[in-house]
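The values are calculated or read from the model by the stated rules, or taken from the named source; none is laboratory data. Please read these numbers as outputs of a predicted model, since none were measured by experiment. Every residue, glycine as well, gets a Cβ built from its backbone with ideal geometry; the counts of neighbours run over all protein chains shown. In case anyone asks, the SASA skips ligands and DNA or RNA and just uses the protein heavy atoms, side chains included. Shrake-Rupley method; radii C 1.70, N 1.55, O 1.52, S 1.80 Å.
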Amino acid sequence: MDKYEIIIYWSDEDQAFVAEAPELPGCMAHGDTHEAALTNIKTAMELWMETAKEFNDRIPVPQGRRLAFA
């Protein structure tokens, strides 16, 4: 799980740090601090994978490199 890219940024709208795991569609979390957002996204990623396994959904293989932005 540690090989997935995590993006953390500040959201003025939410007044919180938002963390995303772009390789795991829809996997996001937030926190009052950068550290809290990182902790929360790791928990969200674990839950995302548990749910995918439960429903026999495909779990993407981590790319191990920075993703390209459009």
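Does E20 satisfy the criteria of being open to solvent by 100 Å² or more (accessible area, probe 1.4 Å) and at negative phi? Judged against the criteria, E20 is not a match. Annotation note: of E35, E5, the sole residue that is of a type outside the set (A, V, I, L, M, F, W, C), touching a residue at least 60 places away in the same chain (Cβ under 8 Å) and either surrounded by 11 or more Cβ atoms within 10 Å (Cβ to Cβ) or not in a loop (DSSP other than H, G, I, E, B) (or both) is E5.
Of all residues in segment 8-32, which are assigned to a loop (DSSP other than H, G, I, E, B) and either out of contact with any His (no Cβ under 9 Å at 6 or more places or on another chain) or within 21 Å of Q63 (Cα to Cα) (or both)? Answer for segment 8-32, where residues must be assigned to a loop (DSSP other than H, G, I, E, B) and either out of contact with any His (no Cβ under 9 Å at 6 or more places or on another chain) or within 21 Å of Q63 (Cα to Cα) (or both): D12, E13, Q15, A21, P22, E23, L24, P25, G26, C27, D32.
Restricting attention to segment 1-27, the residues being of a type outside the set (S, T, Y) and touching a helix residue (DSSP H, G or I) at 6+ places or on another chain (Cβ under 7 Å) number 9.
Selection of segment 38-55 for residues being hydrophobic (A, V, I, L, M, F, W, C) and open to solvent by 70 Å² or more (accessible area, probe 1.4 Å) yields L47, F55.
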